[in-house]
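The structure appears below as structure tokens.
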Amino acid sequence: MLRFFSGVLLMGALLFIPAGSFGYWQGWLLMGILFVPMFLAGLVMLVKAPALLRSRLDAKEEQAEQKLVIALSGGMFLLAFVLAGLNWRFGWLLLPDGAVWTAAVIFLLAYGLFGEVLRENAWLSRTIRVQEEQTVVDTGLYGMVRHPMYAATVLLFLAMPLVLASPLSFAVMLFYLPIIAKRIRNEEEVLERELAGYAEYKRRVKYRLFPGLW
């Protein structure tokens, strides 16, 4: 709960202080579609899958390469949110309301995709590590791409700045693509080395994020 409400306050500060007003309705929209489902999902996981919830809350990376990925991601989000608030405040380049609502729908669909990945894979962790008794998951979405969770985050993160009506922030968030590609390559090295059957799974499922693309 402490971590959740700290996240709400931090994101609100990053958006509304640069905006100079609580009238930034796109900021409220993003916070609503982000945090309300997150809170409800957290309650469900607390009851149905507490071990998975603990794993998702553990964000302490041990590998230096992944610490760099997290630092780059944090800087990217900081810049994107502050820029979105400033963009609204000064009216530099704002998207029309129709584009904002369309992006909100895409965001919620991606959230649903993320939830399905959590349902399919009980081994999901925020850190790159192989857990005791972990096995390769190759059914459902994992039969289509090797990293459906990261595919969902790509859609989520690229939709965020559009919900905020900020194409400038969208340009910043495009840096997530090389960042997540770096994380995936490192993660697959670890899994192939430490998780039995993962090398064979890579041969069967060719694509990492999106079928036919990559």
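The values are calculated or read from the model by the stated rules, or taken from the named source; none is laboratory data. Everything quoted here is computed from the prediction, not taken from an experiment. Glycine gets a Cβ as well: all are built from the backbone with ideal geometry, and neighbour counts include every protein chain shown.
Across region 67-107, the qualifying residues are those that are in a loop (DSSP other than H, G, I, E, B) and closer than 16 Å to Ala159 by Cβ, and the one among them that is nearest to the chain's Cα centre (by Cα) is Leu95. Restricted to region 1-34, and to residues there that are in a helix (DSSP H, G or I) and of a type in the set (Phe, Trp, Tyr), the residue that is surrounded by the most Cβ atoms within 10 Å (Cβ to Cβ) is Phe16. Of the residues Phe170, Phe210, the single one that is in contact with a helix residue (DSSP H, G or I) (Cβ under 7 Å, 6 or more places away or on another chain) and modelled with pLDDT of 95 or more is Phe170. Among the residues of region 16-38, the ones that are over 18 Å from Phe157 (Cα atoms) and under 19 Å from the mean Cα position of the chain (by Cα) come to 0 in all.
Residue count for region 140-171 under the criterion of being over 18 Å from Ile106 (Cβ atoms) and within 15 Å of the chain's Cα centre (by Cα): the result is 1.
Against the criterion of being modelled with pLDDT under 75, touching a Leu at 6+ places or on another chain (Cβ under 9 Å), part of a helix (DSSP H, G or I) and under 30 Å from Ser166 (Cα atoms), Arg126 does not qualify.
Restricting attention to region 197-209, does a residue exist that is small (Gly, Ala, Ser), touching a residue at least 12 places away in the same chain (Cβ under 8 Å) and in contact with a Ser or Thr (Cβ under 8 Å, 6 or more places away or on another chain)? So far as region 197-209 goes, yes, one or more of its residues are small (Gly, Ala, Ser), touching a residue at least 12 places away in the same chain (Cβ under 8 Å) and in contact with a Ser or Thr (Cβ under 8 Å, 6 or more places away or on another chain). The residues in region 175-214 that are exposed (fewer than 13 other Cβ atoms within 10 Å of the Cβ) and under 15 Å from the mean Cα position of the chain (by Cα) can be counted, and the count is 1.
Looking only at region 173-197, which residues are touching a helix residue (DSSP H, G or I) at 6+ places or on another chain (Cβ under 7 Å) and not in a helix (DSSP H, G or I)? The answer is Phe175, and nothing else.
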